[in-house]
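Colleague: I have a structure I would like to understand better, so I am pasting it below and will then ask my questions one at a time.
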Amino acid sequence: WDETHFGKMGSYYINRTFFFDVHPPLGKMLIGLAGYLSGYDGTFPFQKPGDRYEQHNYMGMRGFCAFLGSCLVPFAYLTVLELSKSLPAALLTAFILIFDTGCITLSQYILLDPILMFFLMGAVLSMVKYNSCADRPFSASWWIWLSLTGVNLAGAMGVKFVGLFVVLLVGLNTIYDLWDLLGNLSLSLVVFGKHLLARVLCLILLPLALYTAMFAVHFTVLNKSGPGDGFFSSAFQSQLIGNNLHNVSIPEYLAYGSVVTMKNLRMAGGYLHSHWHLYPEGIGARQQQVTAYLHKDLNNLWIIKKHDSDTADLSDPSSPVEFVRHGDIIRLEHKETSRNLHSHQHEAPLTRKHFQVTGYGINGTGDSNDFWRIEVVGRKAGKLVKVLRSQVRLTHVATGCILGSSGKTLPKWGWEQVEVTCTPYLKETPNSLWNFEDHINPKLPNISLDVLKPSFAEILLESHMVMIRGNSGLKPKDNEVTSKPWHWPINYQGLRFSGVNETDYRVYLLGNPVIWWLNLVTLGLYLLIAASTAVTLKRGVQLTSELKELSRVILHGGGQVLLGWLLHYFPFFMMGRVLYFHHYFPAMLFSSMLTGITWDTLLKFCAAFLSPSTTARKVYRAGFLALVLLIIYSFYLFHPLSYGMIGPMASDPSSPMAGLRWMDSWEF
């Protein structure tokens, strides 16, 4: 499934080919590095799920992800051990993660999820460890755990932006910690200042430095032109070897008769583009579509013509060159279809109160709605227009509106390209500014483009704007299996990883139902226990030292884990982008740790009220053993989901999975 993306991106790093992805680069860089070190040559095409690797050495990349996925078990074990000081609670958590079919499936392929969860759990473990060193601040172990927390935060953020949730968790923990220290009157303000500085250094400056360094490596390695070029500005593209702007010489000033491409200055705004397809019935005038397209294409080429004459005579080599100047009225004729760029007072397809932009006319002959005034930002009338460097505004002469890219994605009929409109609002925004990128005119002398090189800070900012825009643009496609956040904790629907038919080797991502439903029940159970414990303590009920310790574990340890679950789950309800089942797995780690802590505490509470102590111990052990055996038996039933199912479908009585489709929404 997603190996087709992330395996391919690993190949891009090995081949040093520039690409665009909506996630930060660390995960893909590590996959590429694992492939490179294990002898993979970056030549497998990664076209569709189910393709055979044949002689390609893919084991290093899968092995690397599986290793990081396996580390989740000791990380969760140590975290729970630190929070609860209880070996059985830590063991129960470890059993849950070892025998969960979902965690196994997600960890054994070339995916970003095991890498993300490795850093996330690493950050949580480090945070819990440095909290436990609070009684010996500024000791070697305290500094090590604090620094490791920062390193893991940078790692989590560097793999996916959802790493922000663990940053938030650590941030809230740190604020609570500092507030507590501020109330400690035995500490001088100088010592408090040292505490504050140590946290700023290790939890803000260190992660930021590492995060920036990842991008520096990313841009240094990917120095060849590739499929991601069109998402970035002309200046950025001029650095990529093999790009048509790299070390290129083009005419400096725009002239009539020139063939050009126009790039919108909005981040990922696209090239002005048209094609033979018309706007559908009921969407403005039924004329040729004009859009913005993020990739290089022949349909991005336009010819600059005078508004009042044909430019046929300008293509004659002996005719004099006439430059385009600020304030000129021009026509733009689409090279492939010979239709003019045109606007009128019909409403744009998506943006209300903006006008529609179309291609109109036959062989360059149209009407007065094809006339545009070209204006260069910050220049006086009569000045020449520079290619690549002049920021240009095109004002429609008849209506006074300005040509712009709205940034909205058109539906299927517009090939999911970006909407181009003519806006009557004359506000200066990057959406309504363009630059001329390609420029072909054999009659003009060429100049070199080396002067364009952007600084690292500009590249970093631009790449983040493009990633954020890309993330918000991820909308579900037709017939695509997407899921809603409320589906996830109840294990409502899995995700097909590969294989559909009886003859295929079928892998299906689904959590072990017994574990997931146990986790769900435990959330409610935890809230009940925590509430009753809090009330008991508030009312001043006398507790034994053992019960006091259990109360501390359930409220403090369990509370931290519950906060982690809330922060990694509820933000998805507010997200507009397309969501998948695998987005829940970071939250599932916290839910599993909470299950370990809660059941251990519950069994200890029950045992505390039983006498003699031998009976209490027997009840505790029997309860613990029952949970572990239930988890292992459920794994035995559902393990083919992870390791691959062959043969008849689950609906067939002869299938090994017969009778295990407990919910109709499971598609195995």
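The values are calculated or read from the model by the stated rules, or taken from the named source; none is laboratory data. Just so we're clear, the structure is a prediction, and the values are computed from it rather than from any experiment. Cβ sites come from the backbone with ideal geometry, for glycine too, and all protein chains shown count toward neighbours. Just so you know, the surface numbers come from the protein's heavy atoms only, side chains and all, with ligands and any DNA or RNA stripped out. Shrake-Rupley method; radii C 1.70, N 1.55, O 1.52, S 1.80 Å.
Colleague: Going by what's in this entry, would T337 be described as open to solvent by less than 20 Å² (accessible area, probe 1.4 Å), modelled with pLDDT of 85 or more and either out of contact with any helix residue (DSSP H, G or I) (no Cβ under 6 Å at 6 or more places or on another chain) or outside any loop (DSSP other than H, G, I, E, B) (or both)?
Modeller: yes
Colleague: Something else about it: Only strands (runs of 3 or more DSSP E) wholly contained in the range 206-320 count here; list those with 1 or more residues that are surrounded by fewer than 18 Cβ atoms within 10 Å (Cβ to Cβ) and either among the β-branched types (V, I, T) or more than 37 Å from the chain's Cα centre (by Cα) (or both).
Modeller: Counting at least 1 such residues, we get 259-264, 302-306.
Colleague: Output the residues belonging to the range 347-389 that are open to solvent by 60 Å² or more (accessible area, probe 1.4 Å) and within 22 Å of V418 (Cα to Cα).
Modeller: Those that are open to solvent by 60 Å² or more (accessible area, probe 1.4 Å) and within 22 Å of V418 (Cα to Cα): E347, L350, R352, K353, Y360.
Colleague: Collect the residues in the range 373-395 that are under 24 Å from Q287 (Cα atoms) and more than 39 Å from the chain's Cα centre (by Cα), keeping them in residue-number order.
Modeller: R373
Colleague: Considering only the range 190-203, how many residues are touching a helix residue (DSSP H, G or I) at 6+ places or on another chain (Cβ under 8 Å), open to solvent by 30 Å² or more (accessible area, probe 1.4 Å) and either under 19 Å from I144 (Cα atoms) or not in a helix (DSSP H, G or I) (or both)?
Modeller: Here the count works out to 1.
Colleague: Has the range 624-632 got at least one residue that is at pLDDT 80 or above and closer than 27 Å to S498 by Cβ?
Modeller: yes
Colleague: Could you look through the range 70-93, keep only residues that are open to solvent by less than 10 Å² (accessible area, probe 1.4 Å) and not polar (S, T, N, Q), and pick out the one that is farthest from Y633 (Cα to Cα)?
Modeller: Ranking the candidates gives V80 first.
Colleague: Within the range 609-665, track down each residue that is farther than 25 Å from W488 by Cα, small (G, A, S) and without any contact (Cβ under 8 Å) to a residue 24 or more places away in the chain.
Modeller: Listed by number, the residues that qualify are S611, S613, A616, A622, A626, S654, S655.
Colleague: Hey, another quick one. Any residue at all in the range 538-552 that is modelled with pLDDT of 90 or more and within 27 Å of V166 (Cβ to Cβ)?
Modeller: no
Colleague: Restricting to the range 178-188, name every residue that is assigned to a helix (DSSP H, G or I) and open to solvent by 30 Å² or more (accessible area, probe 1.4 Å).
Modeller: W179, D180, L181, L182
Colleague: Applying the selection to the range 40-66, what residues are farther than 12 Å from K8 by Cα and either without any contact (Cβ under 8 Å) to a residue 12 or more places away in the chain or open to solvent by 80 Å² or more (accessible area, probe 1.4 Å) (or both)?
Modeller: D51, R52, Y53, E54, Q55, M59
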